[in-house]
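Working notes for the structure below.
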Amino acid sequence: MTALIARHVVSALVVDKPGTLNRVASLLRARSFNIESLTVGSTHEPGRSRMTIVIHGDDAHTRQVLAQLNRLIEVIDVVDLTDASRFELELALVECSVPVNAAARSAIKRAMAAAGGELLTAGPEGWRLRLAAAPAQIEAALAVLRGHGLRNLVRAGSVAMAANTPTQSGEKP
């Protein structure tokens with residue numbers, strides 16, 4: 001029986017020091033995971049960063065790797081958000097051709113609106129857009145934009161947070 005390969009969203013709180021990203025990426029590479037995205041950013045706590053890692057693998061293999069990530073000294077906490085209620089966003093910068101007519105302009109604007117988009121520049125050389133939405137909404141917008149002269153695309157990886165994160169140290173929400 002073949003194991004089902006699925007998309008997994010993992011959040012890791014890590015110590016912010018040189019080499020941490022390399023150790024995490026090396027562990028995933030050594031286990032033959034396909035990394036869809038890996039984003040790292042500072043947190044509200046000095047000296048700590050949050051990694052959002054999107055990988056593809058079967059459940060058993062993923063559980064094993066999460067346990068190994070937890071054993072890295074630089075990793076403070078690892079949470080698999082795959083089946084959890086979560087907020088997940090991605091950023092995309094897009095360049096497309098100038099719309100050829102009103103219908104194309106309307107289609108691009110609808111796709112932008114559905115993906116939290118904003119028109120950054122509009123000139124005779126083309127339009128530049130910013131999209132910020134859930135990955136599925138970004139994909140849907142890009143499907144529309146591909147039909148309207150998509151010329152350039154830069155995507156940042158996903159960032160994710162549990163939707164029901166408990167407050168810490170008795171704080172009120």
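Rule-based calculations on the coordinates, nothing more; no lab input. Quick caveat: nothing in here was measured; it's all calculated off a predicted structure. Here the Cβ is made from the backbone with ideal geometry for all residues, glycine too, and neighbour counts use every protein chain on show.
Tally the DSSP beta bridges in the chain and give the antiparallel ones as a percent, rounded to 5.
100 percent
Tell me what the chain gives for mean residue ellipticity at 222 nm when only DSSP H runs of n ≥ 4 count, each as -39,500 (n - 2.57), the sum divided by the residue total, rounded to 500 deg cm²/dmol.
-9000 deg cm²/dmol
Between ALA122, VAL10, GLN137, whose Cα lies farthest towards the positive end of the dipole of the chain when Lys and Arg beta carbons carry +1 and Asp and Glu beta carbons carry -1, centred on the Cα centre?
ALA122
Could you give each residue of the stretch 41-54 its phi-based ³J(HN,Hα) in whole Hz, using Karplus coefficients 6.51, -1.76, 1.60 with θ = phi - 60°, and x for Gly or Pro?
With coefficients 6.51, -1.76 and 1.60, one gets x, 5, 10, 6, 9, x, x, 10, 10, 10, 9, 10, 10, 10 Hz.
What is the extension gain from SER42 to ALA6, computed as 0.36 nm multiplied by their sequence separation minus the C-alpha to C-alpha distance, in nm to one decimal?
Taking 0.36 nm per residue and subtracting the Cα distance, the gain is 10.2 nm.
Once amide H atoms are built 1.01 Å from N in the peptide plane, which residues 5 or more positions from LEU150, or in another chain, come under 5 Å H to H?
The list, which skips near neighbours in sequence, is SER97.
Which cross-chain or sequence-distant (5 or more) residues have an amide H under 5 Å from the amide H of SER37, H modelled 1.01 Å from N in plane?
VAL54
Please list, short to long, the whole-number percent of alpha-carbon pairs of the stretch 37-173 in consecutive 5 angstrom bins beginning at zero.
2, 9, 15, 17, 14, 12, 10, 9, 6, 4, 1, 0
Under the definition of Cα pairs under 8 Å and six or more residues apart, what whole-number percent is the relative contact order of the chain?
26 percent
In the stretch 30-60, whose amide N lies under 13 Å from the spot 7 Å out along Cα-to-Cβ of ILE76? List them in ranges.
Backbone N within reach: 41-51.
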